[in-house]
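What follows is a set of notes on a single structure, which appears directly below.
The values are calculated or read from the model by the stated rules, or taken from the named source; none is laboratory data. What you see is a predicted model, and the numbers here were worked out from it, not measured in a lab. Here the Cβ positions follow ideal geometry from the backbone for every residue, glycine too, while neighbour counts run over all protein chains shown. Side chains are part of the model used for accessible areas, which takes the heavy atoms of the whole protein and leaves out ligands, DNA and RNA. Shrake-Rupley method; radii C 1.70, N 1.55, O 1.52, S 1.80 Å.
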Amino acid sequence: MIPIGSHPVWHPVMETLAYVSGFAVYRWQRARQGDIVDEPQRWTVLAAAAVGALVGSRALGVAEQWPTVQQAWQAGRIWELLLSPGGKTIVGGLLGGWLAVELVKKLNGIKRRTGDLFVLPLCVGIAVGRVGCLLAGLADDTYGKPTSLPWAVNLGDGIGRHPVQVYEILFLAVLGLIVGSRAKLPEGARFRIFLGGYLSWRVAIDFLKPQPLISGMNLIQWSCVGGILLLVLDEVRFRKGMHEKAAG
């Protein structure tokens, strides 16, 4: 086993570094290749993404631990739980941010697909954040199930576990290379490849995490399935609209 231990103090440090590094990559990429929307529209989209991500991340993060929520409700500590630090999830942040952006774009008449600039920053930011999750160990709810594999990590309790955070970092590196390639793709395709790929990944990797299950999967996995279905339906709707526009 690889001794890691549990060091929760590193989680907020790496989370902050994740935001900083992701924004730095976003600014670098926007300066290098430009933007398809003007400055006011981009800041509107960024604000919507930030607010939607914050709300979605917290809402799904709390709901994911539904047995704890039930206990807190019965003990009259529900507000204490809701206002406590932690309890956030990347999937909720991605889905919340995406839906908020789509809503704001519709309200502001923004027709372009604006997500491609977010792809590499998200890959970098999530990967950096996962380092913090790994170092936090048992204090974080993202650790893996026990395993006897030679690369199992010991988070301080003497039990070898899947280093699921490392698996995700490697996956994000591959996904970043795919969506960051110079291949010519339709507008918005890179973001949809990223989002569909990451949600599919989470459906698979979360089977290696000891989370409360509902009909065989945890709430994050079910949310990923719902997000994939919404992504497919949105793509069908978009293609239908393009076809009707071309025919008209």
Item to check | Whole-Å distance, taken between Cα centres, linking the stretch 124-142 and the stretch 226-241 | outcome: 31 Å
Checklist entry - What is the helix-to-structure angle for 119-136, meaning the angle in degrees between its Cα long axis and the longest Cα principal axis of the chain, kept from 0 to 90 and rounded to the nearest 10? => result 10 degrees
Checklist entry - Applying 1/(1 + (r/R0)^6) with R0 = 51 Å to the Cβ-Cβ distance of Val13 and Met242, what FRET efficiency is obtained, to the nearest 0.05? => result 0.65
Next on the checklist: So if I take the alpha carbon set of the stretch 78-191, get Rg, then get Rh from the Kirkwood formula, what is the Rg over Rh ratio?
Outcome noted: 1.07
Checklist outcome for this item: Contour minus Cα-Cα span, Asp38 to Ile214, at 0.36 nm per residue, comes to 59.0 nm
Next on the checklist: If you take every residue apart from Gly61 with its C-beta less than 11 Å away from the C-beta of Gly61, what net charge results, scoring Lys and Arg +1 and Asp and Glu -1?
Outcome noted: 0
Checklist entry - What percentage of the solvent-accessible surface of the stretch 1-63, computed with a 1.4 Å probe over protein heavy atoms, is contributed by carbon and sulfur atoms? => result 73 percent
Item to check | Per-peptide average of other Cβ atoms within 10 Å, ordering 183-192, 115-124, 31-40 highest first | outcome: 115-124, 183-192, 31-40
Checklist entry - Quick one: Karplus J couplings for the stretch 92-102, per residue in order, coefficients 6.51, -1.76, 1.60, θ = phi - 60°, nearest Hz, x for Gly and Pro? => result x, x, 5, 5, x, x, 4, 5, 5, 5, 4
Checklist entry - Taking only Cα atoms, what is the 0 to 90° angle, nearest 10, from helix 39-64's long axis to the longest principal axis of the chain? => result 30 degrees
Item to check | Above-threshold pairs, the threshold being 29 Å between Cα atoms, out of Lys105/Lys209; Lys184/Lys209; Lys106/Lys240; Lys209/Lys240; Lys184/Lys240 | outcome: Lys105/Lys209; Lys184/Lys209; Lys209/Lys240
Checklist entry - Mean separation of Cα pairs under 8 Å and 6+ residues apart, divided by the residue count of the stretch 126-172: what relative contact order is that in percent? => result 40 percent
Next on the checklist: Please list log₁₀ I(q)/I(0) at q = 0.29 Å⁻¹ for the stretch 87-150, using the Debye equation with identical point scatterers on the alpha-carbon positions.
Outcome noted: -1.26
Checklist entry - Using helices alone, what [θ] at 222 nm do you get for the chain, with -39,500 (n - 2.57) per DSSP H run of 4 or more residues, divided over all residues and rounded to the nearest 500? => result -22500 deg cm²/dmol
Item to check | Crossing angle, helix 164-179 versus the chain [Cα axis fit, 0-90 degrees, rounded to tens] | outcome: 10 degrees
Checklist outcome for this item: With all protein chains in place and a 1.4 Å probe, Ser223 shows an accessible area in Å² (nearest 10) of 30 Å²
